[in-house]
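A.B. asks: Questions regarding the structure given below will be posed in turn.
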Amino acid sequence: MLAAVDHVQLAAPPGSEDILRAYYVDVLGMTEIPKPPALAARGGCWFQAGPVQLHLGIDKDFRPAKKAHPGLRVTDIEAYAARLTAKGAPVTWDDNLPGHRRFYSEDPVGNRLEFLEPR
């Protein structure tokens, strides 16, 4: 029986770890967590904020996810959007989900991310 989502993995191109760290840590405010040694050899990086984990795995044939995306619940969505904007990340508001405020952004390699807060 399913109990929870453990993590979401997104793909990234080879050699992108430094720009991913800058974005996920400095812009989104996540903490980088160590990968197990056997997996660290593959490249990529993992990030966490509270119970939320995002894993960025290296894909030599990388293409950014433009439709598929993680939906990340936030608090004080206006302030969070302002944070992303101030740090140069795109913010596109979308009012099509009843009962929620939400916006989309993308990481520096082009993966789509959704941020939402229940009204």
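A.B. asks: Quick one: angle between helix 77-86 and the longest Cα principal axis of the chain, in degrees between 0 and 90, rounded to 10, please.
C.D. replies: 60
A.B. asks: Run the helix sum for the chain: -39,500 (n - 2.57) per DSSP H stretch of 4+ residues, divided by residue count, reported at 222 nm to the nearest 500 deg cm²/dmol.
C.D. replies: Taking each H run of at least 4 residues, the total per residue is -3500 deg cm²/dmol.
A.B. asks: How big is the chain in terms of Cα radius of gyration and Dmax, in angstroms?
C.D. replies: Here Rg and the maximum Cα pair distance are 14.5, 43 Å.
A.B. asks: Something else now. Would you be so kind as to identify which of P118, A79, P98 lies farthest towards the positive end of the dipole of the chain, taking Lys and Arg as +1 and Asp and Glu as -1 on Cβ and the Cα centre as origin?
C.D. replies: P98
A.B. asks: Viscosity 1.567 mPa s, temperature 4 °C: Stokes-Einstein D of region 1-69 from its Kirkwood Cα radius, in µm² per second?
C.D. replies: Taking Rh from Cα pairs, D becomes 101 µm²/s.
A.B. asks: Can you give the charge dipole size of the chain about its Cα centre, rounded to the nearest 20 debye, using +1 on the beta carbon of Lys and Arg and -1 on the beta carbon of Asp and Glu?
C.D. replies: That gives a dipole near 160 debye.
A.B. asks: Only sites in a loop by DSSP and with at most 16 other Cβ atoms within 10 Å count here; which trypsin sites (Lys or Arg not before Pro) in region 18-91 make the cut?
C.D. replies: Answer in residue order: R42, K60, K66, K67, K87.
A.B. asks: Follow-up. So what is the relative contact order of the chain, in percent, for Cα pairs below 8 Å that sit 6 or more residues apart?
C.D. replies: 26
A.B. asks: Restricting the count to DSSP beta bridges whose residues both fall in the chain, what percent are antiparallel, rounded to a multiple of 5?
C.D. replies: DSSP beta bridges in the chain are roughly 70 percent antiparallel.
Each value in this text was obtained by applying a stated rule to the coordinates, not by laboratory testing. Since the model is a prediction, treat every value here as computed from it, not as a measurement. FYI the Cβ positions are ideal-geometry reconstructions off the backbone, even for glycines, and counts take in every protein chain you see.
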